[in-house]
Amino acid sequence: MKNYLLFLCLRFFLAAALLQGRAYAQMDPHFSQYYSQPMLLNPALTGAIDGDYRASAIWRSQYGNTLTTKGLSGEMVTDKHMNFGLNILQQGSSDQAYSYTNAYISMAYTGVRFGPNADHYLVLALQAGVIDRRFDPSKLQFGDQWTSGLGYESTNSSGEVFSHTAVLSIDAGVGVAYYDAVPDKRVSFFGGLSAFHLNSPANPFLSGDSGDRLPIRYVAQGGLRINGSDIYNIVPSVIFMREGGFTEKVIGAYLQLYASDATDFICGANWRMGDAIIPFTGIYYKGMTVGLSYDATVSSLSTSATRTGTIELSLSYIGIGKRSLPTKPFYCPRF
């Protein structure tokens with residue numbers, strides 16, 4: 001199994017790097033609290049928790065609640081070096097003109113370990129699922145429907161011909177992650193690489209454009225867990241995404257304070273370069289974590305008449321048991 005997964009991961013990354021085709025600059029829907037839905041960032045993070053299972057939910061509101069994104073996920077750790085997960089994301093406009101839904105199953109192999117006490121983990125993962133994309137042209141406005149002096153006229157032809165208004169596609173992804181789980185270490189490193197849309201699902205909405213494909217989304221992430229003392233950790237991190245001609249770079253850090261054996265407090269901020277500053281806070285109590293973040297737009301969008309601040313609220317629960325990792329989680333705050 002280990003050799004087979006390693007072969008598939010290497011093959012998929014190589015194929016992704018060589019694939020050519022038309023692709024538009026765009027970015028998949030995702031969250032600012034990345035680690036509330038870790039399988040959307042890297043399937044190799046499936047089950048990377050200090051527990052036997054985790055259930056998470058997140059809600060994101062953008063542009064004055066005209067666009068909302070919701071996510072649900074569940075992860076399970078096994079004693080066979082295999083972790084499994086399910087992730088569902090749904091994004092839609094308030095007028096129901098646009099909808100994007102995906103659902104993925106992830107499988108991560110955690111049996112590759114090295115070091116004197118096998119405390120260094122190399123995780124290999126595969127992901128497969130479906131993407132459902134749809135829109136209602138009757139609820140959209142086009143340039144040809146606007147006329148000088150009269151404004152918008154719904155009876156005017158849009159000039160657009162759509163071959164499809166809904167499409168369901170099979171999708172696949174792959175990921176690899178490394179983390180240092182040596183107990184009581186002052187500084188521990190974690191990082192990973194992942195790729196999504198490896199099979200380049202078709203994007204056949206405009207007639208004559210049946211050859212268009214969703215571009216592959218590449219993700220690289222990494223960071224450090226710095227154990228300051230028995231009562232706090234500091235975790236700086238960086239994330240880089242590329243999809244088609246669009247890139248996203250995020251840097252940030254958080255402080256985790258251990259108030260008691262059952263309670264942690266978390267606060268920090270990320271900077272999505274050229275776009276937004278994202279402060280966040282959270283509290284952990286007996287396996288339950290509540291997180292809150294706000295995207296404060298600093299780009300040219302901040303001058304728009306539309307409200308551009310974005311709110312996210314997350315909730316997760318970790319069930320702790322005999323299969324728990326030997327150290328506290330290496331990833332961003334228990335969200």
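FYI, it's all coordinate maths here, none of it is from the lab. Remember, predicted model here, so these are calculated numbers, not experimental data. As a convention, Cβ positions derive from the backbone with ideal geometry for all residues, glycine included, and neighbour counts pool all protein chains shown.
Before moving on, here are some points about what is shown:
- Applying the Karplus relation 6.51 cos²θ - 1.76 cosθ + 1.60 with θ = phi - 60° to region 65-76 yields 3J(HN,Hα) values of 6, 7, 9, 10, 10, 10, x, 10, 8, x, 10, 9 Hz, where x marks Gly and Pro.
- Under 5 Å, built H, 5+ apart or other chain: amide partners of ILE216: GLY244
- Karplus 3J(HN,Hα) series, Hz, for region 114-125 with 6.51 cos²θ - 1.76 cosθ + 1.60 (x for Gly, Pro): 8, x, x, 10, 6, 9, 9, 10, 10, 9, 10, 8
- Relative protection proxy for 236-248, 27-39, 168-180, from highest mean packing down: 27-39, 168-180, 236-248 (other beta-carbon atoms within 10 angstrom).
- Added length on full extension, which subtracts the Cα-Cα distance from 0.36 nm per residue, VAL130 to CYS267: 45.9 nm
- Working note: Karplus 6.51/-1.76/1.60 with θ = phi - 60° gives region 288-295 the couplings 9, 10, 10, x, 9, 9, 9, 7 Hz, where Gly and Pro are set to x.
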